[in-house]
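Bear in mind that the values in this text are calculations on the coordinates, not laboratory data. Since the structure is predicted, the reported quantities are computational estimates derived from the model, not experimental observations.
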Amino acid sequence: MDIVFAKREDVSDILKFIKELAEYEKMADEVVADEKTLEHWLFDLKKAEVIFAVEDGKKVGFALFFHNFSTFLGRAGIYLEDLFVLPEYRGKGYGKALLTKLAQIAVERGCGRLEWWCLDWNTPSIEFYKSMGAVPMTDWTTYRITGKTLEDMAK
């Protein structure tokens, strides 16, 4: 197994993994990303990065991440936006390899933390994350402003 950084020519594979993840999370109707948008934000603006788990030349898992910042730590962290392994490859160490690589990247870059969200109903993922030593942040609530509300607020 190899863990490799995505290149511009991998945009269609990135979108495929995003759509597979959205299906798994029962949120497929929320995906509006397209290849052109992903290419612009990931490779032109460099706002996020993607790594793939590859087995015998086949991409079997992916992780999309970007840097955030902790004012308390005074340094950047890595925020894992998405991690997904194709169903037929689960339980074979690919998710663990992706998280391990993210931890290595965080340490190499001097980051203070690696964090992500997980849907409350996603028990298999929650158990997996806990087995890796992750701790749920029970004292925090996530808030979001999008769409028309975001546009109205910006006026």
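Here are a few things to note about the model shown:
- The structure shown yields semi-axes √(5λ) of the Cα gyration tensor in Å, and of the options (1) 30, 15, 13; (2) 23, 21, 18; (3) 24, 20, 13 that calculated value carries the label (2).
- The stretch 1-56: C-alpha gyration tensor shape, a/c 1.5 cut-off, then a/b vs b/c: oblate
- Dividing the helix sum by the residues of the chain, where each DSSP H run of 4 or more adds -39500 (n - 2.57), gives a mean residue ellipticity at 222 nm of -9500 deg cm²/dmol.
- DSSP H segments from the chain that extend 18 Å or more along their own axis, Cα-based, with Kyte-Doolittle mean of -0.5 or above: 11-24, 94-108
- Separation between Cα centres of the stretch 96-155 and the stretch 25-58, rounded to whole Å: 17
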